[in-house]
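One structure is given below, encoded as structure tokens.
The values are calculated or read from the model by the stated rules, or taken from the named source; none is laboratory data. Model, not experiment: these values are computed from the prediction. In this analysis, Cβ positions are derived from the backbone assuming ideal geometry, glycine residues included, and neighbour counts consider all displayed protein chains.
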Amino acid sequence: MTQHSQQFASDNYAGICPEAWAAMERANSGSAIAYGEDRWTQLAADSLRTLFGTDCDVYFAFNGTAANSLALASLCHSYHSVICSSAAHVETDECGSPEFFSNGSKLLVAPSNDGKLTPEAVHRLATGRSDIHFPKARVVTITQPTETGQVYTIAEIKALSATCRELGLRLHMDGARFAHACATLDCNPADITWKAGVDVLCFGGTKNGMAAGEAILFFDRAMAEDFAYRCKQAGQLASKMRFLTAPWIGMLESGAWLKNARHANACALQLYRQIQDLPEVDLLFPVQSNAVFLNAPEQMLDVLRAKEWRFYTFIGGGARFMFAWDTDPAGVQELANDIRQAVSG
Ligand SMILES: *Cc1c(COP(=O)(O)O)cnc(C)c1O
């Protein structure tokens with residue numbers, strides 16, 4: 001790929017972690033009933049219910065765009081609207097999929113620098129218009145951690161859900177990196193979801209070390225009505241479902257879901273610590289999960305590019321570096337060294 005053994009442009013550059021791989025291999029014995037009627041899928045759903053300590057309804061989709069879009073579509077009608085932050089993946093990186101699968105539900109976007117939504121912003125957007133000409137607000141979606149790596153505290157989520165209840169809104173959580181937030185807060189998954197008032201969670205498996213797959217958890221089973229049909233119609237019902245679901249069993253039983261996230265978070269902190277003394281380089285956002293966003297002179301970024309480092313600058317407005325379950329601390333050191341060299345000219 002390049003002279004570097006690893007790149008940190010995206011946490012999706014990583015492969016499949018051993019625990020997920022082994023679980024997939026275990027499931028690859030003989031035949032099993034198709035379309036999710038197999039025992040692996042049952043076990044995976046049960047493992048998730050155990051992890052969350054509640055009898056939620058669980059579904060599986062191939063990716064996060066589908067999981068978010070179908071979950072949001074199930075929470076509202078086409079004439080409703082969905083409140084999100086301006087940095088939300090559903091707004092900026094899903095190609096209109098939430099609007100498409102909801103048959104036109106409008107996203108109402110709250111300006112946000114760090115990607116977080118506040119109760120005030122929700123209140124403003126939900127109550128700004130109440131006439132027949134404007135789509136009725138019905139859902140709020142938050143990303144945990146945000147696209148800029150910021151983690152909502154338990155109190156922040158509770159405050160948002162209180163506002164949602166007051167206004168008759170449902171609360172969805174895009175948890176593409178949900179495990180990373182649990183690792184940061186050192187909390188129980190339940191504490192930042194159903195116990196804090198979240199109705200539906202999209203729990204990301206891909207960025208946590210699986211080949212593919214996101215779990216959709218409905219803490220209020222009534223909201224999942226006909227969800228299986230939505231998945232099928234959207235092309236998200238895997239016929240050989242066991243290969244999407246068995247890895248969840250491996251990840252949860254081994255604890256890899258949390259171990260992987262902790263490692264990725266620690267690598268982000270490592271990079272930060274190795275460059276924090278450089279006056280030319282600023283952090284755009286505090287490091288709270290597995291992302292580091294750097295604000296640095298363009299010529300310095302060009303030096304890094306010339307050294308064949310890959311990174312995005314279209315998210316958050318700076319150079320983004322993401323760390324994964326497989327990040328080698330030596331690679332982080334290599335990047336840090338090159339950043340130091342780029343600064344010194
Ligand atoms: C990666 C990501 C997703 C899912 O993206 P897919 O490419 O569709 O799997 C959703 N939300 C956030 C915040 C993400 O970072």
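Yes or no, residue by residue, for (1) of a type in the set (Ser, Thr, Tyr); (2) buried (at least 16 other Cβ atoms within 10 Å of the Cβ); (3) within 24 Å of the chain's Cα centre (by Cα); (4) closer than 30 Å to Leu304 by Cα:
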site	(1), (2), (3), (4)
Gln6	no, yes, yes, yes
Glu25	no, no, no, no
Ser31	yes, no, no, no
Tyr35	yes, no, no, no
Arg49	no, no, yes, no
Asp55	no, no, yes, no
What is the residue count in segment 60-81 for residues that are out of contact with any Asp or Glu (no Cβ under 9 Å at 6 or more places or on another chain) and in a strand (DSSP E or B)? 2
Filter segment 54-65 for residues that are of a type outside the set (Ser, Thr, Tyr) and within 7 Å of the ligand (Cβ to nearest atom) and give the result. Asn63, Gly64
Go through segment 306-328 and count every residue that is surrounded by fewer than 14 Cβ atoms within 10 Å (Cβ to Cβ) and either within 20 Å of Ala261 (Cβ to Cβ) or modelled with pLDDT of 95 or more (or both). 3
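Conditions (1) under 17 Å from Asn337 (Cα atoms); (2) among the basic types (Lys, Arg); (3) touching a helix residue (DSSP H, G or I) at 6+ places or on another chain (Cβ under 6 Å), marked per residue:
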| position | (1), (2), (3) |
| --- | --- |
| Ser254 | no, no, yes |
| Arg262 | no, yes, yes |
| Ala266 | no, no, no |
| Gln274 | yes, no, yes |
| Glu280 | yes, no, yes |
| Pro286 | no, no, no |
| Val292 | yes, no, yes |
In segment 297-345, residues that are of a type in the set (Ser, Thr, Tyr) and not in a loop (DSSP other than H, G, I, E, B) total 1
Pairs only if they're at least six apart or on different chains, beta carbon under 6 angstrom, first in segment 87-99 and touching a residue at least 12 places away in the same chain (Cβ under 8 Å), second assigned to a loop (DSSP other than H, G, I, E, B) and more than 10 Å from the ligand (Cβ to nearest atom); list them, first residue then second. Ala87/Ser112
Might you let me know whether segment 258-267 holds any residue that is surrounded by fewer than 17 Cβ atoms within 10 Å (Cβ to Cβ), of a type outside the set (S, T, N, Q) and under 21 Å from the mean Cα position of the chain (by Cα)? yes
Of the candidates Ser344, Ser289, the one satisfying the condition of being modelled with pLDDT under 95 and not aromatic (Phe, Trp, Tyr) is Ser344
Restricting to segment 109-143, what's the tally of residues that are exposed (fewer than 15 other Cβ atoms within 10 Å of the Cβ) and among the basic types (Lys, Arg)? 2
Given the structure, is Leu51 over 16 Å from Ala137 (Cβ atoms) and not in a strand (DSSP E or B)? yes
What tally of residues in segment 207-223 results from selecting those that are surrounded by 21 or more Cβ atoms within 10 Å (Cβ to Cβ) and either within 16 Å of the ligand (Cβ to nearest atom) or part of a helix (DSSP H, G or I) (or both)? 9
